[in-house]
Amino acid sequence: MAGGGGRGEKLTLCPQLLGDVQPNSNRSAFLRCRPVARIWTVVLLLGTCLLYCARVAMPICAVSMAEQFGWSKRESGMVLGSFFWGYCFTQVFGGYVSDRVGGEKVLLLSAAAWGSMTAFTPILAHFCSQPILSMTLARFLMGLLQGVHYPSLASLCSQKVVESERGFLMSTVGSGSYLGTLVIGGAGSLMLDLYGWQSVFYVSGLLSVLWAYCMWKYLLKGEGPIITLESLGSSGAQSKLTKRHWLRLLKQPAVCAVIVTHLCTASTFFTLLSWLPTFFKDTFPDAKGWVFNVIPWLVAIPSSLFSGCLSDHLISQGFDTASVRKLMQFFSMGVSSVFTLLLCGTTTFPWAVAFVSATMGLTTFSHSGVSVNVQDLAPSCAGALFATLCSCAGVLMVYFSGYLIEATGSWASVFALITTVNLLGLCTFLAFAEARRVDIDSTKVRHHNIHI
């Protein structure tokens, strides 16, 4: 179980969780089968990839849609930002349900829903007399449906993966976000030029639905997507966390530090994700879309994997877990801000791509920092707690960035805002972050689901 093995020894199963499975069930054999655990890791990676293909479809197509429908920067910001209004509503609910019925059920149902929503987006745009309203509503619903994804992953990881290997798993699955942005940035840009913006939504939406079907059919064997009221009310570690205990948990300085830091890093990441395609189009109108939509995310993928391997290696070598989390977050929010500030000055297209690539590559280190720290602090309720971290992240900042661009006519104000928010989150994390358990009830959670 120690993390000192080679890369081929990752994703060790938690022996204390094997007792949750009946000896005569087929699942006990499944749990001891490492290749199946690896298959599930790849499946979750692919699911996160498709999640971001669907999520980034709108930012990729925003410029073309704004030209077709006559949107201003402020209106584009309203459409892009409406995603996060929906995103914050289902965060807590997704974590709550995942902690009780199993993250894979929530992931499956939500993927089928947001995949269908993505595929229907062009239809909504053309059959509504006010496209700005229909697209704002569509993005709100997308956020509503995708909001459960990461709380479900956090719940799944905290209960099934040991501390010394969480960094690798989360960074591997988290790299799917950059892979998805890379794929939709390259293939989406080509489809945008050849077939129009509608094709980007059709392809990414249908592929997501196909992924959900294959997961249900071949990995869950046609079982698992039904969530009953009985399962929601079942007794487990979570059910013993009363309101009073939650208040005590949220009064912990380390928990508050994680909430503030994750809010900051999520806000800045979503702002960059939403506005970078427009930044390059405005600043370098003759540049090829596939270049600036691909290269930064091509850098982010190996960077994310490297950060996970590095953090797990340091912990396995005896370094303090809290210090490792802080080091990863320093790279993510501190060093990346240096390259973000360099974008404020006059620069050429190659240098702009290089600075953005460095920024996005270093930002991925948060998967081994604050994103994993919530599982260190409260593994028995990581799904619900993770939800509080992301709530409202990016809602105001994405919209406010559009306002700044229109009011000042300069992108430097946006990059300065991103740097300021990053430094605020970093200082909070360095000052108060810990890695010891602070959740009230450490009783094991019994889930009839997939153990990784």
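The values are calculated or read from the model by the stated rules, or taken from the named source; none is laboratory data. Keep in mind that this is a model prediction, so the values were computed, not measured. Note: ideal-geometry Cβ built from the backbone for every residue, glycine included; neighbour counts use all protein chains shown. Protein only, heavy atoms only, side chains kept; ligands, DNA and RNA dropped before computing areas. Shrake-Rupley method; radii C 1.70, N 1.55, O 1.52, S 1.80 Å.
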Column: log10 I(q)/I(0), Debye, Cα scatterers of the stretch 293-338, q = 0.16, 0.26, 0.32 Å⁻¹: -0.50, -0.96, -1.11
Surface accessible to a 1.4 Å probe, per residue, for the residues of the stretch 36-221, Å²: 34 Å²
Surface accessible to a 1.4 Å probe, per residue, for the residues of the stretch 243-442, Å²: 38 Å²
Largest to smallest principal axis extent of the C-alpha atoms in the stretch 243-442, angstrom: 57, 37, 25
Stretchable slack from Cys427 to Leu219, in nm (0.36 nm times residue separation minus alpha-carbon distance): 70.6 nm
Per-residue HN-Hα couplings for the stretch 102-116 [Karplus 6.51, -1.76, 1.60; θ = phi - 60°; Hz; x = Gly/Pro]: x, x, 5, 5, 5, 4, 5, 5, 5, 4, 4, 6, 6, x, 5
Dipole-positive endmost among Gly86, Met142, Trp40 within the stretch 36-221 (Cβ charges, Cα centre): Trp40
Charge dipole magnitude, Cβ of K and R +1, D and E -1 - the stretch 36-221, Cα centre, debye nearest 20: 320 debye
